[in-house]
Amino acid sequence: TEDNLAVARLVPLDRLMLETDCPYCEIRPTHASAKLLETQPRDGDGDGWCMPDSKRKERWSGDSMVKSRNEPCAIRQVVQVMARLHGIDEQELAAHAFNNTQKVFFAKAKLAQ
């Protein structure tokens, strides 16, 4: 909803962590966040990322996602939405989320960046 987007916009970048709301509930065209997505990349846009096709679970194959299931590969869509809400590029937003994840889950480990 627009209210959810307004709240997401208020999350400070040093507190932001991302997930795809697995297992179900992809970003649908009717969702308020859909307008913030780039066109669905199916053939790749030069950076090596594209969304796989999706099929109903009865027709699923190994080269597709199950329709309506939010797979981990859809995290890029979450990054796109949050980056646009915060007015920064995807790489910067992803770096904030990565660093915050390290702080929360790997505070004692030294990870290479």
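Here segment 29-58 is the region considered, the condition is being at pLDDT 80 or above and of a type in the set (Lys, Arg), and the residue that is least open to solvent (accessible area, probe 1.4 Å) is Lys55.
Taken residue by residue, segment 84-104 has no member that is of a type in the set (Asp, Glu) and at pLDDT below 85.
The values are calculated or read from the model by the stated rules, or taken from the named source; none is laboratory data. It should be emphasised that the depicted structure is a prediction, and the values quoted were computed from it without experimental measurement. Note: accessible area is taken over every heavy atom of the protein model, side chains too, but ligands, DNA and RNA are not part of it. Shrake-Rupley method; radii C 1.70, N 1.55, O 1.52, S 1.80 Å.
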